[in-house]
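First up is the structure itself, then whatever we jot down about it.
Each reported figure results from applying straightforward, stated rules to the coordinates on display, with no laboratory input. Everything numeric in this text was worked out from a predicted model, so none of it was measured. Ideal geometry is used to build each Cβ from the backbone, glycine not excepted, and the neighbour counts take in all protein chains shown.
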């Protein structure tokens, strides 16, 4: 059982990376993104993506994540912009992540330990900031249109070697349906949102970290 849980914990951590591309503030890489001049059509798609993302205030969705090894796992993603989010996996994975507007906290359910970092030191700042811009500290490297979908691929401007994040939008109506990450090792992780709902009301303490009760968990 511990081996299965360990596999799922690995899957979780890869998914977490796929959502936030957790980026510790390090010295900028000497490498720079290759320049890509967007066509007017691509610029319009990026502007539409920015407008959509900035229009989200609250959202909640079930999701299915598929890793490079083909494993799938589900969970719930909750968002309250600016600054707040929560990512929880379905049992038996007990890990979760919560951002309270200032601090991003990760709970390792196997080790029963927490670790925290300022939101501003991660790409979560891009997703949670009040004004989202697909430029500056992120660079759009590709815009791809397929029937019924628009894909916008990004990388960190100062360190492109860390991987790419692709946001996949449904075209009509325009809304985020999935994201895909190719990490520095070339491994791909994809997260698909299932029936995302906007305008969700959350409890006032929903986005604050609370250490799970170990005693309560023992008697579940």
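Within the range 89-101, the set of residues being surrounded by fewer than 18 Cβ atoms within 10 Å (Cβ to Cβ) and in contact with a strand residue (DSSP E or B) (Cβ under 7 Å, 6 or more places away or on another chain) comprises 90, 101. Of the strands (runs of 3 or more DSSP E) entirely within the range 105-220, those holding at least 1 residues that are surrounded by 18 or more Cβ atoms within 10 Å (Cβ to Cβ) and at negative phi occupy 138-146, 149-156, 163-170, 175-183, 188-198.
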